[in-house]
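Okay, structure first, notes after.
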């Protein structure tokens with residue numbers, strides 16, 4: 001029991017010897033207190049160290065001395081002592097809080113999460129799509145599009161700006177999307193490409209990387225603004241290149257995707 005109290009006092013800021021001395025004073029029951037010799041004898045503190053220990057107890061408000069030759073030491077009531085400890089600790093924390101607030105803090109870089117398994121990639125993208133509030137931009141293959149159909153259907157009624165680029169043909173464009181679909185049937189080399197995904201939601205989150213059920217995909221998810229811009233610009237490039245080969249005007253789709261300082265869309269017409 002006493003050992004537990006000593007450990008708790010030590011946790012509160014007293015040294016072990018100070019804790020032992022305070023407990024010895026409390027246990028003594030002597031109205032006149034104990035001498036340093038008696039404290040040493042009852043606590044096990046070396047006599048050579050006990051007076052320094054008692055002076056520190058006085059300084060902390062845990063005890064006070066009466067009389068002289070020899071001085072006798074009386075413990076402060078536990079409730080008063082603990083109240084003092086609590087007030088002192090709170091004052092220390094308040095000062096620390098104020099001091100730390102003065103230190104200029106650098107903004108930490110946004111985290112980049114890596115996803116390896118196909119189920120992780122598709123599951124995280126499903127969550128991102130369902131959270132969309134302003135926009136969804138996608139560049140992927142039709143196989144992954146079908147996996148994401150439930151999430152896309154779930155947000156079909158929202159007023160989002162939606163643009164989809166697919167490397168291969170899509171038979172049924174998701175509701176609300178402007179779809180830009182390529183065709184791999186006439187390009188044998190393209191048909192062998194590994195599946196990749198570029199996805200940007202609300203211009204705040206991006207997912208980029210592989211989408212292969214049998215591979216370690218190393219896809220990344222991030223809200224880092226620079227990386228979100230990179231993903232968005234890649235999707236814009238995919239659409240722009242397809243527009244040039246098909247003669248379709250991409251302006252209405254691409255303009256809202258671009259940062260204001262990049263407008264007008266020079267070179268996208270015609």
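The values are calculated or read from the model by the stated rules, or taken from the named source; none is laboratory data. Being a predicted model, the structure only gives us computed values, none of them experimental. Ideal geometry is used to build each Cβ from the backbone, glycine not excepted, and the neighbour counts take in all protein chains shown.
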Residue, farthest from residue 137 (Cα to Cα), within region 224-237, restricted to residues that are crowded, with 19+ Cβ neighbours inside 10 Å and touching a strand residue (DSSP E or B) at 6+ places or on another chain (Cβ under 6 Å):
228
So, of the residues in region 121-147 that are touching a strand residue (DSSP E or B) at 6+ places or on another chain (Cβ under 8 Å) and either outside the structural domain of residue 231 (by TED's automatic domain parsing) or farther than 20 Å from residue 236 by Cβ (or both), which turns out to be modelled with the lowest pLDDT?
142
Quick one: which of 87, 107 is exposed (fewer than 14 other Cβ atoms within 10 Å of the Cβ) and more than 13 Å from residue 60 (Cα to Cα)?
107
Scope region 1-30; condition in a loop (DSSP other than H, G, I, E, B) and farther than 22 Å from residue 88 by Cβ; matching residues:
1, 29, 30
Which residue pairs have Cβ atoms under 7 Å apart, sit 6 or more places apart or on different chains, and have a first residue in region 8-33 that is without any contact (Cβ under 8 Å) to a residue 40 or more places away in the chain and a second that is part of a loop (DSSP other than H, G, I, E, B) and surrounded by fewer than 13 Cβ atoms within 10 Å (Cβ to Cβ)?
20/44
Would you confirm, using the coordinates I've provided, whether residue 203 is over 25 Å from the mean Cα position of the chain (by Cα) and in the same structural domain as residue 136 (by TED's automatic domain parsing)?
no
Identify the single condition in (1) at pLDDT 85 or above; (2) closer than 22 Å to residue 2 by Cβ; (3) surrounded by 14 or more Cβ atoms within 10 Å (Cβ to Cβ) that residue 15 does not satisfy, given that it satisfies every other one.
(3)
Check 249, 216, 229, 212 and return the single one that is free of Cβ contacts under 8 Å to residues at least 60 places away in the same chain and in a loop (DSSP other than H, G, I, E, B).
249
Name the residues in region 89-115 that are assigned to a loop (DSSP other than H, G, I, E, B) and touching a strand residue (DSSP E or B) at 6+ places or on another chain (Cβ under 8 Å), would you?
110, 111
Would you pick out the residues in region 37-48 that are within 10 Å of residue 21 (Cβ to Cβ), touching a residue at least 12 places away in the same chain (Cβ under 8 Å) and assigned to a helix (DSSP H, G or I)?
39, 42, 43
Mind checking which residues of region 247-268 are at pLDDT 90 or above and within 17 Å of residue 164 (Cα to Cα)?
248, 249, 250, 251, 252, 253, 254, 255, 256, 257
Test result for residue 240, in contact (Cβ under 8 Å) with a residue 24 or more places away in the chain, under 16 Å from residue 138 (Cα atoms), surrounded by 13 or more Cβ atoms within 10 Å (Cβ to Cβ) and under 28 Å from the mean Cα position of the chain (by Cα)
no
